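Undergrad: First, the structure itself, so that you have it in front of you.
The values are calculated or read from the model by the stated rules, or taken from the named source; none is laboratory data. It should be emphasised that the depicted structure is a prediction, and the values quoted were computed from it without experimental measurement. For neighbour counting, all protein chains shown are included, and Cβ atoms are generated from backbone atoms with ideal geometry for every residue, glycine included.
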Amino acid sequence: MAIRNIVEKGDTVLDKVCRPVTAFNERLWELLDDMHDTLRAADGAGLAAPQVGVLRSCALVMMDDGSYLEIINPKIVSKEGFQSGTEGCLSVPGVFGIVERPMNVTVTAQDRYGKEFTVDAEGFTARAFCHEIDHLSGHLFTELVKKYVDLDNDEE
């Protein structure tokens, strides 16, 4: 396991659509383990494979209990409600903005062994799922910002 470099805005890998994961093997597991180490070291709420330079459809999302859920080939199958809140991104350091997201999402995905599962999320966790799944389609939260925020001065 290793800490990988986090790719920053401007690197074209962040603009590309990820390929689906088809091989659930040791290479994938190593990537996921490295992503766990990288995310813990960065103290983030989520991390998608393109953020470490890998164009595969997998990500980690922080759950309500503080654990990280691995999601492979995720899809949002339903959205409900509305929330507006501050987001940031490990690939866009120091930048924060107000983004509108659904309050509740249902996501289908596969685990590291290829087994399918469904997860329901609300609030911050729903926001994190949307944010990370956007990365897998080549989108950054900055495309959705309604207003930028200066967290150092507590001003909006």
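Undergrad: When you look at Ala45, is it under 23 Å from Glu87 (Cα atoms), in contact with a Cys (Cβ under 6 Å, 6 or more places away or on another chain) and either at pLDDT 95 or above or not β-branched (Val, Ile, Thr) (or both), yes or no?
TA: No; evaluated as a whole, the condition is false for this residue.
Undergrad: Tally up the residues in the stretch 33-51 that are part of a helix (DSSP H, G or I) and surrounded by fewer than 22 Cβ atoms within 10 Å (Cβ to Cβ), please.
TA: Residues that pass the stated criteria total 8.
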